[in-house]
1. Do any residues of segment B:285-327 lose at least 40 Å² of accessible area when the full set of protein chains is present rather than just their chain alone, and if so which, with a 1.4 Å probe?
2. Between B:K160 and B:T185, what length in nm is gained on full extension when 0.36 nm per residue of separation is reduced by their alpha carbon distance?
3. Let's see if you can work this out: charge +1 on each Lys and Arg Cβ, -1 on each Asp and Glu Cβ, no other charges. What is the dipole magnitude of segment A:1-76 about its Cα centre, in debye to the nearest 20?
4. Buried by at least 50 Å² relative to the chain on its own: which residues of segment A:10-33 qualify, computing accessible area with a 1.4 Å probe on protein heavy atoms?
5. What list of ³J(HN,Hα) couplings, whole Hz, do you get for segment B:275-286 from phi and the Karplus terms 6.51, -1.76, 1.60, once you set θ to phi - 60° and write x for glycine and proline?
6. Give the interface area between chains B and A as buried accessible surface, both sides summed, probe 1.4 Å, in Å² to the nearest 100.
7. Taking a threshold of 32 Å on the Cα-Cα distance, which of the pairs A:K76/B:K266; A:K181/B:K334; A:K133/B:K334 fall above it?
8. Need one number: nm distance between label points at B:V194 and A:I235, each 7 Å from Cα along Cα→Cβ, rounded to one decimal.
Amino acid sequence: MEACIMDGTTMKCGAVSGLSTVVNAISLARLVMEKTPHIYLAFDGAEAFAREQGVETVDPNHFVTPENIERLEQAKEANRVQIDFTQPAKGDIRKENAEANGGDSQIGTVGCVALDSHGNLASATSTGGLVNKMVGRIGDTPVIGAGTYANSYCAVSATGKGEAIIKATVAREVAALMEYKGLSLKEAAAYVIEEKVAKGNAGLVAVSANGEVTMPFNTTGMFRACATEDGHSEISIWN
Amino acid sequence: MGGWAIAVHGGAGIDPSLPLQRQEEACQALLSALHLGISALRSASSAVDVVELVVLESSKGRQKRSSGYWPCNCFRPNCCPCGSNSLDPCLWILWIRFGSVRELELNPLFNSGCGSALTAQGTVEMDASIMDGSTRKCGAVSGLSTVKNPISLARLVMDKSPHAYLAFDGAEAFARQHGAEIVDTSFFIIEENVIRLKQAKEAKSIQFDYRLPSKGWDTCASEAEQMVQMNGVPISLYSPETVGCVVVDALGRCAAATSTGGLINKMCGRIGDSPLIGAGTYACNICAVSATGEGEAIIRATLARDVAALMEFKGISLKEAVDCAIHERLEDGKGGLIAVSNDGHVICGFNTTGMFRALATEDGHMEVGLWD
């Protein structure tokens, strides 16, 4: 499991990877940010830090569900690394459904971006990774600038195919377009999702310093919700 | 401009009192790596092959020195190792004739591979990343302790796995599956760094706010040196962390590679900027960048990506982008970087006390340096 948090005001950040027993990965990422001189801790070192900090840990089996096991079997059968969790399909249509849905449903990674009443921006993302990924694979979530980023312009949390998000430095790209090219949040985010990442590979949520919110994606759906102080709110899955 | 260009670095943040002999050895190592890259470029190798080769070749055998060395300047073009007839009077090159190829990754002068900085537990954790600007494909590895050539493993991740980044046990397993050369971890531990680790612990160098001087640390060094720290470590104990290479080849393709042994006395499992795409390494169709220095500052600044973003979105030159990245984006952090652009420009920028680097372009310009 991986997680990452970034404070757009101070540019401080924390990230963790390779966790298998820590109940709240994002809280451990925050502790890395606040209690160490480092940004990113992974695997055994991260687990050791978790114990030093006394955070809640459980047996790794806590995180393994029957649905996940079934998804893994499907992915292995199709010899595919899945972008995220499909519904485990039953019976004859299993393979067809898995292919149709492969890459398009988003449940495994969660993220949040926020602008507070003082104008501070922050972003946080947490994931269990890809179904059938190689052991030790790190995705975009803990890579500052890829899956998570915040500065004084905006806060971004991305999700999708980690490899595509890493090479496109998605989260940083949105902020850089605003900062260096003067685009609005909506324009910057739309551009990154439409032009910089292959279709079917990514979505993001983002807020800007002036209160804009945007949630573009180039997959068939993305679980998302947003709210602003003036009363606007939205919960959606599809386009 | 146009034509190929190459730069190599051996880390930023050099002890100002580094003995002259060590400085000369460093120049030799840098030049050797540079010439390896130049030969490959002349043989029309692609940018991504060249950056891997330059960072990797270090692992293929130790340097054999032949007797004697001579200082050379480019008024005597026949002694320029590249065979160029450049008569740039500003260059002063000190170099040695080599019996065989000299490495960067396994050169104990530079931290990465053999001579890696030791973690707080005295262990080795190596990271590396590589990026091909023409495709923006990338590969990265972290937490290696037995893989002889981290940069080649990063390349294998890029070319032979469905992923971009593998770490620790998973990366080690991948290495074995793909027949990468494995050695005992003790191969990477040198006496000098064992001593350095002990000294760093004594200096209580890694503190929560590492910009404060260590309390109660007495030294005979000058006051200026007392205050100079890199990554929370007194500069006199600090060994530059990283090696890197950036190349634009004859077809205008850019690539970057960075490899590090980490940070002295770091927490186990700490990952710095070197394997993070956009921080320590980045390449696109406009430029390629390899950064080094205070990893956390480089991560916050997404330094390598920012050089490219400044060029792409603000339309400024490579030099302007590098200046902005180093002098504005790093804020309080210390670091350096090398970069090339697709039109054959190459540059180094740093705000540290020195940076080991060497640069060359197809038109014959070549330089090697440590200081400003």
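The values are calculated or read from the model by the stated rules, or taken from the named source; none is laboratory data. Every value quoted in this text rests on a predicted model; they were computed, and no experiment measured them. Note that we place each Cβ from the backbone using ideal geometry, even for glycine, and neighbour counts take in every protein chain shown. Remember, those area values only see protein heavy atoms, side chains included, never the ligands or the DNA or RNA. Shrake-Rupley method; radii C 1.70, N 1.55, O 1.52, S 1.80 Å.
1. Hits at the 40 Å² cut-off: B:E296, B:I299, B:R300, B:T302, B:R305, B:F313.
2. Details: separation 25, 0.36 × 25 = 9.00 nm, distance 2.46 nm.
Taking B:K160 through B:T185 to full extension adds about 6.5 nm, to one decimal.
3. Working: 6 positive and 11 negative charges, 50 e Å.
Taking the Cα centre of segment A:1-76 as origin, the dipole is about 240 debye.
4. A:M11
5. Result, ordered by residue: x, 8, 5, x, 9, x, 9, 6, 8, 9, 7, 9 Hz.
6. Working: alone 14940 and 11970 Å², together 23270 Å².
Summed over both sides, the interface buries about 3600 Å².
7. On the way: A:K76/B:K266 38 Å; A:K181/B:K334 27 Å; A:K133/B:K334 36 Å.
Exceeds cut-off: A:K76/B:K266; A:K133/B:K334.
8. Each label point lies 7 Å from its Cα, and together they span 6.2 nm.
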